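Participant: Okay, here's the structure, questions in a sec.
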Amino acid sequence: MSAPARQNAPVGRAVVWIHGDSLSPTDPALEAVPDAPALFVFDRPFLAKTEVAFPRLAFMYQGVRDIAAARSVEIVVGGIGEELAAFAQRHAATELHVTRNFTPQWEETLQDFERRNPNVEVLVYEPDRLTSYDGPVKRFFGFWKKVEAEVLGGNALYAPQRGQGRR
Amino acid sequence: MATTFIPGDLPDEQLAQVLGQTLAGLYTGPARLPDRPGGRTAALSALKDYSGKDYVGRNDLRGHVSRLSMYLRHGMLSIVEVAEHARARMRGRDLSEFLRQLTWREFFLLVLAQDGAKVLGNLEEPKYRARWTDALPDDVREARTGLPCADAWVTHLVQGGWMHNHERLWFSAYLIHWRKVDWRAGYRFFREHLLDGDIASNALSWQWVASTFSAKPYFMNQANIEKYSAGRWCNTCTVQCPFRGEYESIEGQLFGGPVNPAPMPPRGNDRRGGRR
């Protein structure tokens, strides 16, 4: 589903969604649109039904805080779907930039966002990968045999690329 | 419900109080700072300080492990920059073993990408006749099992938000195989407290111990704990040790006999898997 990276294309009113796997100023989506405002949501419905100790939340906050030191970040408490939609609306966004996350909830959230916001284009960036392997996986040993040379060699030929795709 | 905004510049001195009040009802335990600070700056500092020297002794609790997992989990460090740091700073078996362990992280993420929410249920049937209860026992949660080692593992988890990988394995085996508790209760307990708690590494490591994502269950014995902890608990322990014994006899006690790895039935896009 990845498309060729758009280079030198005019950027619309872009906003960035930062989630729990992208808490760094070097997050690919953040770096792609350095002037765009970003949103981090403490997921109220999830936290209301899931036991999470406070230090974990503080640790994440410290991650967002480092981003907020360098650019505009809004930190809110609420439902991610609602908050993302409201955030996009506040900024009259035409593009939502986000780095891929492998959790099932992430995919559902974006699908929900696209339904609610058909006029906002969603652009997904790939997180850094250690290997270029993209086939099926079952046991670590089998996986290791496939990627061992690449991981140990650190060969630049196989260096993962930061991609960007339209959904 | 009106949107609640949180300022992005709370200093650590105010963080616990302000964030704690704003998120009241949405977390467990006291509002306090994590043992290790989060954020890109702290992550880079931790990475810079890590030499990886003698990493090959990582199975020992005193081994020189990186403790970078919480930064990797939240994207505060990327897996590529950690690998590059290792290649620049480490040599020989320290380097190759570190990179191999780092690859587990990528492997678990690929399994999550492939199998999605299925990783939260048994990916395979357990390889022994398992009868697990659902709930985490209170004495485990409260670190009062009476076993000095097990209580210390829980204390490290709850107070520090981090456990050495060998402690995670021992604790998981203790909970699943000795206490007969479903791995998902352990998964939730780890998710609650581990600063590096995620879906992929957490759920799949539990399943690996439980034998629902491996060819046989993982278990240990007292000699293994004593060796890799340098006797820190065993030397002064006076309780009846449930882990004492040869592997064969423990296997009989826990699983009703040796668990022979059988060829795995195909699952999804079949790959011939290897055994660890």
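The values are calculated or read from the model by the stated rules, or taken from the named source; none is laboratory data. Note that the coordinates shown come from a computational prediction; the quantities given were computed from them, not determined experimentally. Quick reminder, even Gly has a Cβ in these numbers, built from the backbone with ideal geometry, and neighbours come from all protein chains shown.
Participant: Under 6 Å between Cβ atoms, at least 6 apart or on separate chains: pull out the pairs that start in segment B:222-246 with a residue that is without any contact (Cβ under 8 Å) to a residue 12 or more places away in the chain and end on any residue that is of a type outside the set (A, V, I, L, M).
Facilitator: Listed by first residue and then by second, the contacts come to B:GLU226/B:CYS234.
Participant: Can you name the number of the only condition in (1) in contact with a helix residue (DSSP H, G or I) (Cβ under 8 Å, 6 or more places away or on another chain); (2) more than 14 Å from B:TRP183 (Cα to Cα); (3) assigned to a helix (DSSP H, G or I) that B:ARG144 fails?
Facilitator: Going through the list (1) in contact with a helix residue (DSSP H, G or I) (Cβ under 8 Å, 6 or more places away or on another chain); (2) more than 14 Å from B:TRP183 (Cα to Cα); (3) assigned to a helix (DSSP H, G or I), B:ARG144 breaks only (3).
Participant: Go through (1) surrounded by 14 or more Cβ atoms within 10 Å (Cβ to Cβ); (2) at pLDDT below 95 one by one and return the number of the condition B:MET1 breaks.
Facilitator: Checking B:MET1 against (1) surrounded by 14 or more Cβ atoms within 10 Å (Cβ to Cβ); (2) at pLDDT below 95, the one that fails is (1).
Participant: Are any residues in segment B:10-27 farther than 15 Å from A:GLY63 by Cβ, at the interface with chain A (Cβ under 7 Å from one of its Cβ atoms) and in a helix (DSSP H, G or I), and if so, which ones?
Facilitator: Answer for segment B:10-27, where residues must be farther than 15 Å from A:GLY63 by Cβ, at the interface with chain A (Cβ under 7 Å from one of its Cβ atoms) and in a helix (DSSP H, G or I): B:ALA16, B:GLY20, B:THR22.
Participant: Among the residues in segment B:143-154, are any without any contact (Cβ under 8 Å) to a residue 60 or more places away in the chain, more than 9 Å from every other protein chain (Cβ to nearest Cβ), under 30 Å from B:MET90 (Cα atoms) and buried (at least 22 other Cβ atoms within 10 Å of the Cβ)? So that I can check it myself, show each step before the final result.
Facilitator: Just the residues of segment B:143-154 that are without any contact (Cβ under 8 Å) to a residue 60 or more places away in the chain, to begin with: B:143-145, B:150-151, B:153-154.
Filter once more, keeping what is more than 9 Å from every other protein chain (Cβ to nearest Cβ): B:143-145, B:150-151, B:153-154.
When the remaining residues are screened for being under 30 Å from B:MET90 (Cα atoms), the result is B:153.
Adding the requirement that they be buried (at least 22 other Cβ atoms within 10 Å of the Cβ) leaves B:153.
Yes.
Participant: Considering each residue of segment A:116-125, count those that are buried (at least 16 other Cβ atoms within 10 Å of the Cβ) and either away from chain B (no Cβ under 14 Å) or assigned to a loop (DSSP other than H, G, I, E, B) (or both), and give that number.
Facilitator: Result for segment A:116-125: 5.
Participant: Looking at this structure, is B:LYS227 surrounded by fewer than 22 Cβ atoms within 10 Å (Cβ to Cβ) and within 14 Å of chain A (Cβ to nearest Cβ)? Give the steps one after another, and end with the answer.
Facilitator: Numbers: surrounded by fewer than 22 Cβ atoms within 10 Å (Cβ to Cβ): yes; within 14 Å of chain A (Cβ to nearest Cβ): no.
Answer is no for this residue.
Participant: Kindly indicate whether B:ALA86 is closer than 22 Å to B:ARG168 by Cβ, in a helix (DSSP H, G or I) and in contact with a Ser or Thr (Cβ under 8 Å, 6 or more places away or on another chain).
Facilitator: Values: closer than 22 Å to B:ARG168 by Cβ: yes; in a helix (DSSP H, G or I): yes; in contact with a Ser or Thr (Cβ under 8 Å, 6 or more places away or on another chain): no.
No.
Participant: Right, next: Looking at B:THR41, B:THR28, which is the one that is among the polar types (S, T, N, Q), without any contact (Cβ under 8 Å) to a residue 60 or more places away in the chain and on the phi < 0 side of the Ramachandran plot? I'd like the intermediate steps shown before the answer.
Facilitator: Values: B:THR28 fails: without any contact (Cβ under 8 Å) to a residue 60 or more places away in the chain.
After applying the criteria, what remains is B:THR41.
Participant: Any residue in segment B:192-203 that's within 9 Å of another protein chain (Cβ to nearest Cβ) and touching a residue at least 60 places away in the same chain (Cβ under 8 Å): show its pairings with residues that are small (Gly, Ala, Ser) and in a helix (DSSP H, G or I) at Cβ separation under 7 Å, as long as the two are six or more apart or on different chains.
Facilitator: none
Participant: Shifting gears a bit: So A:GLU108 ticks every box in (1) surrounded by fewer than 17 Cβ atoms within 10 Å (Cβ to Cβ); (2) in a strand (DSSP E or B) but one. Which box is left unticked?
Facilitator: Unmet for A:GLU108, out of (1) surrounded by fewer than 17 Cβ atoms within 10 Å (Cβ to Cβ); (2) in a strand (DSSP E or B): (2).
Participant: Within the bounds of segment A:36-54, is there any residue that is farther than 17 Å from B:LEU72 by Cα, under 13 Å from the mean Cα position of the chain (by Cα) and polar (S, T, N, Q)? Full working, then the answer.
Facilitator: Step one: filter segment A:36-54 for residues farther than 17 Å from B:LEU72 by Cα, giving A:36-54.
Subsequent filtering for residues that are under 13 Å from the mean Cα position of the chain (by Cα) retains A:38-41.
The next check asks that each one be polar (S, T, N, Q); those that pass are none.
No: zero hits.
Participant: State whether one or more residues within segment B:49-58 are assigned to a helix (DSSP H, G or I), within 7 Å of chain A (Cβ to nearest Cβ) and touching an Asp or Glu at 6+ places or on another chain (Cβ under 9 Å). Walk me through it before giving the result.
Facilitator: To start, the set of residues in segment B:49-58 that are assigned to a helix (DSSP H, G or I) comprises B:49, B:55-57.
Of the ones still in play, those that are also within 7 Å of chain A (Cβ to nearest Cβ) are none.
No, that holds for no residue.
Participant: Considering only residues that are over 15 Å from B:SER205 (Cα atoms), surrounded by 17 or more Cβ atoms within 10 Å (Cβ to Cβ) and within 9 Å of another protein chain (Cβ to nearest Cβ), which ones fall in segment B:97-109?
Facilitator: Of everything in segment B:97-109, just one residue is over 15 Å from B:SER205 (Cα atoms), surrounded by 17 or more Cβ atoms within 10 Å (Cβ to Cβ) and within 9 Å of another protein chain (Cβ to nearest Cβ), namely B:LEU99.
Quick grid of which residues meet (1) surrounded by fewer than 18 Cβ atoms within 10 Å (Cβ to Cβ); (2) in contact with a Pro (Cβ under 7 Å, 6 or more places away or on another chain); (3) at pLDDT 95 or above:
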residue	(1), (2), (3)
B:GLY197	no, no, yes
B:SER205	no, no, yes
B:CYS237	yes, yes, yes
B:CYS241	yes, no, yes
B:GLU246	yes, no, yes
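Participant: I've got another one for you. Checking the conditions here, which among B:GLY63, B:GLY75 is in a loop (DSSP other than H, G, I, E, B) and either over 24 Å from B:HIS193 (Cα atoms) or touching a Leu at 6+ places or on another chain (Cβ under 8 Å) (or both)? Show your work before the answer.
Facilitator: Working: B:GLY63 fails: either over 24 Å from B:HIS193 (Cα atoms) or touching a Leu at 6+ places or on another chain (Cβ under 8 Å) (or both).
Just a single option satisfies the conditions, and that option is B:GLY75.
Participant: Can you tell which of B:PRO34, B:PRO7, B:PRO30 is within 9 Å of chain A (Cβ to nearest Cβ) and in contact with a Pro (Cβ under 8 Å, 6 or more places away or on another chain)?
Facilitator: Working: B:PRO7 fails: in contact with a Pro (Cβ under 8 Å, 6 or more places away or on another chain); B:PRO30 fails: in contact with a Pro (Cβ under 8 Å, 6 or more places away or on another chain).
After ruling out the rest, the residue left standing is B:PRO34.
Participant: Now a separate question. Does segment B:157-174 include one or more residues that are more than 30 Å from B:LEU110 (Cβ to Cβ) and either part of a helix (DSSP H, G or I) or more than 13 Å from every other protein chain (Cβ to nearest Cβ) (or both)?
Facilitator: Kept after step one, since they are more than 30 Å from B:LEU110 (Cβ to Cβ), are these residues of segment B:157-174: B:158-159.
When the remaining residues are screened for being either part of a helix (DSSP H, G or I) or more than 13 Å from every other protein chain (Cβ to nearest Cβ) (or both), the result is B:158-159.
Scanning segment B:157-174, I find at least one residue that is more than 30 Å from B:LEU110 (Cβ to Cβ) and either part of a helix (DSSP H, G or I) or more than 13 Å from every other protein chain (Cβ to nearest Cβ) (or both), so the answer is yes.
Listed here are the residues, each with its yes/no results for (1) in contact (Cβ under 8 Å) with a residue 12 or more places away in the chain; (2) crowded, with 17+ Cβ neighbours inside 10 Å; (3) on the phi < 0 side of the Ramachandran plot; (4) within 10 Å of chain A (Cβ to nearest Cβ).
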residue: B:MET70; (1), (2), (3), (4): yes, yes, yes, yes
residue: B:VAL111; (1), (2), (3), (4): yes, yes, yes, yes
residue: B:ALA117; (1), (2), (3), (4): no, no, yes, yes
residue: B:LYS127; (1), (2), (3), (4): yes, yes, yes, no
residue: B:PRO137; (1), (2), (3), (4): yes, no, yes, no
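Participant: Oh, and also: Restricting to segment B:15-68, count the residues that are of a type in the set (Ser, Thr, Tyr) and exposed (fewer than 15 other Cβ atoms within 10 Å of the Cβ).
Facilitator: Within segment B:15-68, the first condition is being of a type in the set (Ser, Thr, Tyr), and the residues that meet it are B:22, B:27-28, B:41, B:45, B:50-51, B:55, B:66.
Pick out the ones that are also exposed (fewer than 15 other Cβ atoms within 10 Å of the Cβ) and you get B:28, B:45, B:51.
Total meeting the criteria: 3.
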